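Here is the structure we will look at, set down as structure tokens.
The values are calculated or read from the model by the stated rules, or taken from the named source; none is laboratory data. The model shown is predicted, which means the values in this text are computed figures rather than measured ones. Note that each Cβ is placed from the backbone with ideal geometry, even for glycine, and that neighbours are counted across all protein chains shown.
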Amino acid sequence: MQPQAIAISGRAGGSGAMIRLAWLAVLTAAVLLMQAVSAMARPESLAPLAERVSPAVVNITTSTLVEGRTGPQGIVPEGSPFEEFFREFQDRNGNGNRPRRSSALGSGFVISEDGYIVTNNHVIDGADEIEIEFFPGEGQPKELLPAKVIGTDPNTDIALLKVEAPAALKYVKFGDSDTARVGDWVVAMGNPLGQGFSVSAGIVSARNRELSGSYDDYIQTDAAINRGNSGGPLFNMDGDVVGVNTAILSPNGGSIGIGFSMASNVVVKVVAQLKEFGETRRGWLGVKIQDVDSDLAEAMGLEKARGALVTDVPEGPAKEGGVLAGDVIVSFDGVDVQDTRGLVRQVGNAEVGKTVRVVVYREGKTETLRVTLGRREDAERGPSSESGSGGAPGSTEKELLGLSVGVLTDQMRAELNVAGDVEGLAVLSVDETSEAWEKGLRAGDVITEAGQQKVATISDLEARVSEAKEAGRKSLLLLVRRGGEPRFVALNLSE
């Protein structure tokens, strides 16, 4: 920069110029200091981090005994004239029906000096033998160590293993995955494609990804994750585990920069239960729920779409605590409920047997209920207490809200196996140009409630429509059952 480019004005003269130059020097120093701090925050090499945590990362080899093939599959097509020839060839060489071993590779990491190891459930699922290989390092076992399974959780794809080592093992700690921000640097370690210990780096690309399960909370990263990385750790720059590498999105089986790691805050709870009980013990509320959209919120008088709408309450903790179908759960155990996914995770993380406060929105006001939670795993193993329902044409019909509805008769109940205590209106047909069709209503559905009141006759439904219009509602809330599964639907009253 040329000095003469600095303009000096006013009567301050030379002293003013000196002041301006002094301020410029201060600003320049501040910029240089910020750049230095930024350079310190971003190390030029990840080698120190890799050297520190790598002794706790392990390769996992599993072996499974599988039955021998009954024919020459994979060699010649079935029915080929050469099939018999190759079958005789296999038999002569002892390869006919002889059992054989199938091997697979994965990754894991040590979480305690006494040999507890975390990996994915799918890495060890069905394995007869599990062997752990440690990354070469001072004090780490040189030979392969057999591992036993302490417990597994298919819902989060987490497994806990244990090895008996001759000395204390080096291990890593879990970090707080909730503090991981999009854009933060992360490092993945493991055994990709059977190539042995490998390190890859990237950033957190997204948070709170849901793939398939009710308890999913995945961190998305562009750090290279391939087959064999499953079960390995995802580290933050402090060397703490913030995720367990689990899945990739790829059209060809290789990394394209979209990998998923189960968040450590989920894993920590699962591992603690597997270590203590050998299985998970999740809380169970005992309700069927659906999200509240803007139409449902308006129909129910909620200020905004939030919470989880209860569609059914079978026998269980919620029913004993006074929860009703049509309630909107807005708070659970002191935490606001945003949607169904949030509620499922909150309940699952709660302690079995704990009595919690459940705040519900009911008929225009909130009520606080006390519910003692059961155990989800016990409920899933038990018989279902819910009855099926259906619908079919009846003798009386009415066109309402884009629907043709009829009253359930005894003959219809028998033909469609509808429980005798189910009352409502059968949907006979749906106008394909209507909002009802767009929202998924179909012939055979049964409407059991309208405006959160039971309906048994067409006049009941007409009365609910009139009441909603008189109250200034833009839509009417229906409780619809299909194949035993209830759900709420809000239909526009202008239909």
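Give me the pairs, please: first residue somewhere in the range 256-273 and free of Cβ contacts under 8 Å to residues at least 40 places away in the same chain, second residue anywhere and of a type in the set (A, V, I, L, M), beta-carbon distance under 8 Å, and either six or more positions apart or on two chains.
ILE256/ILE248; ILE256/LEU249
Which residue pairs have Cβ atoms closer than 8 Å, lie 6 or more positions apart in sequence or on different chains, and pair a first residue in the range 208-232 that is on the phi > 0 side of the Ramachandran plot with a second residue that is at pLDDT below 90 and outside any loop (DSSP other than H, G, I, E, B)?
So the pair list comes out as GLY228/LEU105; GLY228/PRO192; GLY228/LEU193; GLY228/GLY194.
Filter the range 130-146 down to residues that are part of a strand (DSSP E or B) and closer than 19 Å to ASN229 by Cα, then give me how many there are. Can you show your working first?
Step one: list which residues in the range 130-146 are part of a strand (DSSP E or B), which gives 130-134, 145-146.
Then drop every residue that is not closer than 19 Å to ASN229 by Cα, which leaves 130-134.
Residues that pass the stated criteria total 5.
Could you list, in sequence order, all residues of the range 444-466 that are assigned to a loop (DSSP other than H, G, I, E, B) and under 15 Å from VAL489 (Cβ atoms)? Break it down into steps so the answer makes sense when it comes.
Of all residues in the range 444-466, those assigned to a loop (DSSP other than H, G, I, E, B) come to 444-445, 451-452, 455-457.
GLY444, ASP445, GLY451, GLN452, VAL455 - these are the residues of the range 444-466 that are assigned to a loop (DSSP other than H, G, I, E, B) and under 15 Å from VAL489 (Cβ atoms).
List the number of the failed condition for GLN338; all other conditions in (1) closer than 19 Å to ARG282 by Cβ; (2) crowded, with 16+ Cβ neighbours inside 10 Å; (3) under 21 Å from the mean Cα position of the chain (by Cα); (4) not small (Gly, Ala, Ser) hold.
(1)
Looking only at residues that are of a type outside the set (D, E, K, R) and modelled with pLDDT under 85 in the range 459-474, which one is surrounded by the fewest Cβ atoms within 10 Å (Cβ to Cβ)? Full working, then the answer.
Pass one, the range 459-474, residues of a type outside the set (D, E, K, R): 459, 461, 463, 465-466, 468, 471-472.
From the residues that got through so far, the ones that are modelled with pLDDT under 85 too are 459, 463, 466, 468, 471-472.
On the way: SER459: 11, ALA463: 15, SER466: 11, ALA468: 19, ALA471: 9, GLY472: 6.
The residue in question is GLY472.
All but one of (1) surrounded by 19 or more Cβ atoms within 10 Å (Cβ to Cβ); (2) modelled with pLDDT under 85; (3) within 30 Å of the chain's Cα centre (by Cα) hold for VAL356; which doesn't?
Just one mismatch for VAL356, condition (2).
Which ones in the range 263-295 are in contact with a Phe, Trp or Tyr (Cβ under 6 Å, 6 or more places away or on another chain) and among the hydrophobic types (A, V, I, L, M, F, W, C)?
Residue satisfying the conditions is VAL268 alone.
Can you tell me which condition VAL149 does not meet? The list is (1) outside any loop (DSSP other than H, G, I, E, B); (2) in contact (Cβ under 8 Å) with a residue 60 or more places away in the chain, and all the others hold.
Against the list (1) outside any loop (DSSP other than H, G, I, E, B); (2) in contact (Cβ under 8 Å) with a residue 60 or more places away in the chain, VAL149 comes up short only on (2).
Could you figure out which of (1) touching a residue at least 24 places away in the same chain (Cβ under 8 Å); (2) closer than 18 Å to LEU274 by Cβ isn't true of ALA167?
It is condition (2) that ALA167 fails.
Take the residues of the range 155-164 that are at pLDDT 90 or above and assigned to a loop (DSSP other than H, G, I, E, B): which is nearest to ARG282 (Cα to Cα)?
If we filter the range 155-164 for residues that are at pLDDT 90 or above, which is where we start, we get 156-164.
After this cut, where a residue has to be assigned to a loop (DSSP other than H, G, I, E, B) as well, the list is 156-157, 164.
Details: THR156: 12, ASP157: 15, GLU164: 29 Å.
Of everything passing the filter in the range 155-164, THR156 is nearest to ARG282 (Cα to Cα).
Scan the range 288-308 for residues that are in contact (Cβ under 8 Å) with a residue 40 or more places away in the chain and aliphatic (A, V, I, L, M) and report the count.
Applying the first criterion (in contact (Cβ under 8 Å) with a residue 40 or more places away in the chain) to the range 288-308 yields 288-293, 295-296, 298-302, 307.
Imposing the further condition that a residue be aliphatic (A, V, I, L, M) reduces the set to 289, 292, 296, 299-300, 302.
Counting residues in the range 288-308 that are in contact (Cβ under 8 Å) with a residue 40 or more places away in the chain and aliphatic (A, V, I, L, M) gives 6.
Residues of the range 110-155 being aliphatic (A, V, I, L, M) and closer than 18 Å to ASN245 by Cα, which ones? Even if it seems obvious, please write down each step before you answer.
Going through the range 110-155, the residues aliphatic (A, V, I, L, M) turn out to be 110-111, 117-118, 123-124, 127, 130, 132, 144-145, 147, 149-150.
Those that are aliphatic (A, V, I, L, M) and closer than 18 Å to ASN245 by Cα: VAL110, ILE111, ILE117, VAL118, VAL123, ILE124, ILE132.
Just the residues that are surrounded by fewer than 19 Cβ atoms within 10 Å (Cβ to Cβ), farther than 28 Å from PRO48 by Cβ and not acidic (Asp, Glu), please, taken from the range 207-238.
ASN208, ARG209, LEU211, SER212, GLY213, SER214, ARG227
Just one of (1) in a strand (DSSP E or B); (2) at pLDDT 80 or above; (3) not acidic (Asp, Glu) trips up SER102, so point out which.
Result: SER102 passes all but (2).
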